[in-house]
Amino acid sequence: MTQNENRLRRREVVGRLLADRGDLLVVSGLGSPTYDCAAAGDHPLNFYLWGAMGSAVTVGLGLALAQPRRRVLVITGDGELLMGLGALATASVMRPKNLAIAVLDNERYGETGMQATHTAAGVDLAGVAAATGFPAATTVREAPALDEAARTLREAEGPVLVVFKVSAKREPMVLPPRDGALLKHRFREALLGSAAA
Amino acid sequence: MVYSERPETARGALGREPQPPSAAGTLDWPLLVFEKLREAEVRQVAYVPDSGHARLIELCHADGDFTTTPLTTEEEGIGILAGAWLGGRRGALLMQSSGVGNCFNTLSLATVCGFPLVMLVTMRGEWGEFNPWQVPMGQLVESGLRLAGVVVYPVYDAALAAPAVEAAARIAFNGNRAAAVLLSQRMLGTKLFKD
């Protein structure tokens, strides 16, 4: 179960999503998405989750509601999202226009031995998001569609979700800081100023 | 600390005349709790409904300054309030005691990062419970939360609900701690399962 049919490379996808990031606020789900975001370049406005599986969307939602004029991009994996599918319904109900969710779907639990997730059996995460009422939810399988997907995640009225069907090939680990208090303080300082840290 | 055992301390914190113990329904404790949340600059409230929280939820929804988020499961609220704090806003999480069990792994987000977290928990399975299915989780709440590193304020007297919320908010927002106020069935009234 270590390989799938997907051709997109996760690092290429994340590199594209975070290029010229401007004032984007980023929340990453535990495991590979956190390493992918670090590989694209550590940034104080990246809040990396290293645990609390299932929380990436909710952290992004709370941040989006608190900062309605800033774009919030959640970058997470299929297994992480599957643990908290209800969060998509909650995000849909709150309808934050500034919330975007990118799912790096390798159809595997990459941290635990590449066991298949439900998406390997056909569970359609974009379909779930659409069914909860997301105004935009799509699945991207080919590299030529990346630019438009990146634009959607950056500009479309949210909440918006894009699933990227990516290869299950492992990438080199790039580990960002994992001290939660440090990650929290530097994020708040970068966003709110030194008095808030 | 159990508030009902040290009423002087709690009432001193209230900053006005002590109030006699009150049965639910004779004291508008949800309004007093709401005022304490406002004073603590709480503006994002997330909840899974409970009858004991019904009025407080209504008050939050009715206040245009509040962003009030209904959840599908309680641990969503821990993530949402962490995100709110990252964005510079303070929050509170409302739930019934059965939902505490849903929160334990996600509580690590609050405790590892030092996110302030104010939880208001209405109790079941704790005082004169009719439904045996509520008892196992209800009996785990106080010790379970303490084991998870949460500061716990059990409240048995409606007059002490608002002071306990004030204390929890202070320790959460000043000390970057998770704090839970447990509102007993003794003050809420035990569900009778009658029409």
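Every number in this text was worked out from the coordinates using simple rules, so none of it is lab data. Computed from a predicted model, the values in this text were never measured in an experiment. Please note: Cβ atoms are built from the backbone with ideal geometry, for glycine as well, and neighbour counts cover all protein chains shown.
Divide by every residue of the protein assembly as shown the summed helix terms, -39500 (n - 2.57) for each DSSP H run of at least 4, and state the resulting mean residue ellipticity at 222 nm, rounded to the nearest 500 deg cm²/dmol.
Roughly -11500 deg cm²/dmol at 222 nm, from the helical runs in the protein assembly as shown.
For segment A:100-153, GluC sites (Glu not before Pro) are listed when DSSP marks them as loop and at most 16 other Cβ atoms sit within 10 Å of their Cβ; the list is A:E111, A:E142. For segment A:61-192, the extents of the C-alpha atoms along the principal axes are 41, 35, 30 Å, listed from largest to smallest.
This model, with +1 at the C-beta of Lys and Arg and -1 at the C-beta of Asp and Glu, gives chain A a dipole about its Cα centre of some 320 debye. Counting Cβ atoms of other protein chains within 10 Å of each Cβ in A:45-55 and taking the mean gives 5. In a DSSP loop and with at most 11 other Cβ atoms within 10 Å, the trypsin sites (Lys or Arg not before Pro) in segment B:134-195 are B:K194. Computed over Cα pairs, the Kirkwood radius of chain B leads via Stokes-Einstein (0.692 mPa s, 37 °C) to a diffusion coefficient of 199 µm² per second.
Counting only Cβ charges, +1 for Lys and Arg and -1 for Asp and Glu, the dipole size of the protein assembly as shown around its Cα centre is about 580 debye.
Per the Debye formula with a single identical scatterer at each Cα and no solvent contribution, what log10 I(q)/I(0) holds for segment A:1-114 at q = 0.15, 0.20 Å⁻¹? For the requested q values the scattering log ratios are -0.61, -1.07. Placing dummy labels 7 Å off each Cα toward the beta-carbon, the span from A:R178 to B:V135 is 4.3 nm.
Taking the DSSP beta bridges with both ends in segment A:1-125, the antiparallel portion is around 15 percent.
Which residues' amide hydrogens lie under 5 Å from the amide hydrogen of B:T68, considering only partners 5 or more residues apart or on another chain, with H built in the peptide plane? Residues meeting the amide H criterion: B:V45. Dipole orientation for the protein assembly as shown: of the candidates A:Y109, B:W29, B:F66, A:Y109 has the Cα lying most toward the positive pole (charges on Cβ; Lys, Arg +1; Asp, Glu -1).
The loop-placed chymotrypsin sites (Phe, Trp or Tyr not before Pro) in segment A:41-122, going by DSSP, include none that has at most 13 neighbouring Cβ atoms within 10 Å of its Cβ. Legend: calculated FRET efficiency, A:R7 to B:N105, from the Cβ-Cβ distance at R0 = 41 Å, rounded to 0.05, equals 0.75.
Only one residue of A:S32, A:L125, A:V162 has its Cα farthest out toward the positive end of the dipole of the protein assembly as shown, where Lys and Arg carry +1 and Asp and Glu -1 on Cβ, and that residue is A:S32.
Taking every alpha-carbon pair in the protein assembly as shown and binning the separations at 20 Å intervals from zero gives 29, 52, 18, 1 percent.
Normalised by residue number, the volume inside the convex hull of the Cα atoms of segment A:3-47 is 74 Å³ per residue. As an equivalent ellipsoid, segment B:97-195 spans semi-axes of 25, 16, 8 angstrom, where each value is the square root of five times an eigenvalue of the C-alpha gyration tensor, largest first.
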